[in-house]
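One structure is given here, and the rest of the page talks about it.
Computed from the coordinates by the stated procedures, all read-outs in this text should not be read as laboratory data. Computed from a prediction, not measured in an experiment: that's the story for all the values here.
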């Protein structure tokens, strides 16, 4: 069992969202509140996740497993809610796949959902949400890049993409900085 502490939303540059929140709250906001329960001990109640945490190899924080249906390859997709690094465990070709850093203009797909306004272009984040926080059931990434420099790009998505981009250390931005493990055939 992994007990989650409170974390500051301030980054190493002092940029801060102005409040503390628990990882549980971040997990609830992401819409994947499956394996949490409250644990009481000596009169204190804390929240715990029964899944063992996967540590993000980019920033060191806990990653969260996507709620995906089971496959023949027993794939799991994990995402970091801080730096948005993704790790895929299992699959046909890799035991562990860690996509490399991509610059802002190549990293995000355009979000597609019935409830999104037609005039604005939003970046798809994770867990059915845009980077600016709009959540629509059934939202998915399109086959097209979200281009932050375009006139119709959502300003809040652009700002969030910049903050997330700044969270990737320079040392983790090289092509070989994140290690993937290929399956032996």
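Descriptive notes on the structure:
- Once the gyration tensor of the Cα atoms in segment 104-166 is diagonalised, the equivalent ellipsoid follows with semi-axes of 16, 12, 11 Å, ordered largest first.
- Radius of gyration and Dmax over the Cα atoms of segment 64-135, both given in Å: 14.0, 41
- Each Cα pair under 8 Å and six or more residues apart adds its separation to the average, and for segment 104-166 the resulting relative contact order is 40 percent.
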